[in-house]
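**Q** Here you go, one structure.
Every number here is computed from the coordinates shown, using simple stated rules; none is lab data. What you see is a predicted model; the values in this text were computed from it and never measured. Ideal geometry is used to build each Cβ from the backbone, glycine not excepted, and the neighbour counts take in all protein chains shown.
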Amino acid sequence: MKLSEKKTLAKKEQILLSAITIVNRRGFDGATMEEIAAELLMTKGSLYYYFKSKSDLMYQCHNLVFSKAMEELKSELVDKDSAEEIIRNMISIHIEFAIEEKETFNMLIEPSHVFSGEQLSRVLEVRKEYTSIFDEAIEKGVASGDFNVGDQVIVRMMIMGAMNWIQQWYQPGGRFSKEDVKKHFGDSIMKLLK
């Protein structure tokens, strides 16, 4: 890879990280290309050199966050921990991303609010892949005899629904710390799986 290509990739990542921060602070609708450019001391026109539109930028933000989340989740599946520890760790990872990357994560929950056409199709594929990692972990626990569930898909949907609802009520500095939430959810979900 040429030096100029490396510089372009580094600049794109810098823009994405800044955009994610702004989106998490102001929400998708509140984040503007002007604000993102100003944060980076760029002109709006310069930003369009790297991204065709706000939708393109948000799509790239989504990809960056979810590729990191899926990488962490998949690493749990290859670990030698018990099925219970795998699920507990995956719950912790999901909650961490759901809280710290709240607005970007919301793009996966309600993608049609942000994306359309080919981007929407790809985001829905990512969502399917993301949830399949949880399916695989539950299946692993059922196969080992650690979990006793009827319909694994229904159980996974209950787990994901409960964890995704955290974004609606969790407040930093509120009644529960992030670590408290992870532990309570882990304990409750284990009761559902056993």
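**Q** Put a dot 7 Å past each Cα toward the Cβ at Glu139 and Leu17; how far apart are the dots in nm?
**A** 3.6 nm
**Q** State which entries of Lys6/Lys68; Lys44/Lys74; Lys7/Lys178 exceed 28 angstrom in Cα-Cα distance in the structure shown.
**A** The answer is Lys44/Lys74; Lys7/Lys178.
**Q** What full-extension length gain, to one decimal in nm, is calculated for Gln168 and Lys80 as 0.36 nm per residue of separation minus the Cα-Cα distance?
**A** Extending this stretch completely gives an extra 28.3 nm.
**Q** Extending each Cα 7 Å along its Cβ direction at Glu129 and Asp151, get the distance between those two points in nm, one decimal.
**A** Output for this residue pair reads 2.7 nm.
**Q** Follow-up question, since we're still on this one. For Lys194, give me every one of the aspartates and glutamates with a C-alpha distance below 18 angstrom, ignoring sequence neighbours fewer than eight places off in its own chain.
**A** In chain and number order, the partners are Asp81, Glu84, Glu85, Asp135, Glu136, Glu139, Asp146, Asp151.
**Q** So for each of 21-30, 38-47, 4-13 I average, over its residues, the number of other beta carbons within 10 Å; can you give me the resulting order with the highest mean first?
**A** On the way: 21-30: 15.8, 38-47: 13.7, 4-13: 11.5.
Per-residue Cβ counts within 10 Å, averaged per peptide and sorted highest first, yield 21-30, 38-47, 4-13.
**Q** Per Stokes-Einstein, at 37 °C and 0.692 mPa s, what whole-number D in µm² s⁻¹ belongs to segment 60-193, with the Kirkwood radius over Cα pairs as the hydrodynamic radius?
**A** Calculated translational D: 214 µm²/s.
**Q** Report the relative contact order of the chain, percent, no decimals, based on alpha-carbon pairs under 8 angstrom and at least 6 residues apart.
**A** Answer for the chain is 21 percent.
**Q** For each pair in Lys12/Lys102; Lys12/Lys140; Lys12/Lys80, compute the distance between the two Cα atoms and list the pairs where it is over 28 Å. Provide the component values of the computation, followed by the final result.
**A** Numbers: Lys12/Lys102 21 Å; Lys12/Lys140 38 Å; Lys12/Lys80 36 Å.
Beyond 28 Å: Lys12/Lys140; Lys12/Lys80.
**Q** Taking the dipole about the Cα centre of segment 1-146, with the C-beta of Lys and Arg at +1 and of Asp and Glu at -1, give me whichever of Ile87, Met42, Ile138 is farthest to the positive side.
**A** About the Cα centre, the residue reaching furthest to the positive side is Met42.
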